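The values are calculated or read from the model by the stated rules, or taken from the named source; none is laboratory data. Owing to the predicted nature of the structure, the values given are computational and were not obtained by experimental measurement. We place every Cβ from the backbone using ideal geometry, glycine too, and count neighbours over all the protein chains shown.
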């Protein structure tokens, strides 16, 4: 485990055991989570998405208590992008990019208050999420993946994106809402 690029972000790197059949690895260890201040019992949902190469999902987040999640790429590779949307954070507004893939098997813990998104870098990519809160759609926030204020460089041409993500607001809109307390 190592500290990530933004405050509260953790990177877990498992040790896979390879042989002629492939590999075996642990994708979650309760004792390790506890050692780094995560309550393993707090995770209430596991989810998985499959995306074609070039697809972008995000940038999504939750307001209120937020949502913490442990994210890994089980198949293929993705560029995982985090944006710190915690108004009191020293990293507020900063963007972090982390490659997740099925070779290194690194997992990223995304603390509450961060926006999260990714682009599939391979023909197909499966992303798995372990989430610490049940979904409440009234707390959803989203910022456009191509907002110039964030200046995120995506490595591939965008081949697919949801209508919701295309219609997402701007970073400046979210900042105004956060500072006004209308979305906190």
Is segment 113-120 home to any residue that is out of contact with any strand residue (DSSP E or B) (no Cβ under 6 Å at 6 or more places or on another chain), part of a loop (DSSP other than H, G, I, E, B) and surrounded by fewer than 21 Cβ atoms within 10 Å (Cβ to Cβ)? no
Being in a loop (DSSP other than H, G, I, E, B) and either in contact with a strand residue (DSSP E or B) (Cβ under 9 Å, 6 or more places away or on another chain) or free of Cβ contacts under 8 Å to residues at least 60 places away in the same chain (or both) is the filter here, so list the residues in segment 45-88 that pass it. 53, 54, 55, 63, 66, 67, 68, 76, 85, 86, 88
Provide a single number: the residues in segment 121-148 that are over 18 Å from residue 83 (Cβ atoms) and either in contact with a helix residue (DSSP H, G or I) (Cβ under 7 Å, 6 or more places away or on another chain) or in a loop (DSSP other than H, G, I, E, B) (or both). 8
Looking at segment 149-184 only, could you name the residues that are in a loop (DSSP other than H, G, I, E, B), modelled with pLDDT of 95 or more and more than 16 Å from residue 56 (Cα to Cα)? 149, 170
So which pairs qualify, if the first residue must be in segment 19-42 and without any contact (Cβ under 8 Å) to a residue 12 or more places away in the chain and at negative phi, the second must be loosely packed, with under 12 Cβ neighbours inside 10 Å and not in a helix (DSSP H, G or I), the Cβ gap must be under 7 Å, and the two must be at least 6 apart or on different chains? 23/17; 24/17
Do you know which of the residues in segment 19-33 that are more than 13 Å from residue 102 (Cα to Cα) and loosely packed, with under 10 Cβ neighbours inside 10 Å is farthest from the chain's Cα centre (by Cα)? 20
Right, residue 109: at pLDDT 95 or above and either closer than 20 Å to residue 28 by Cα or assigned to a loop (DSSP other than H, G, I, E, B) (or both) or not? yes
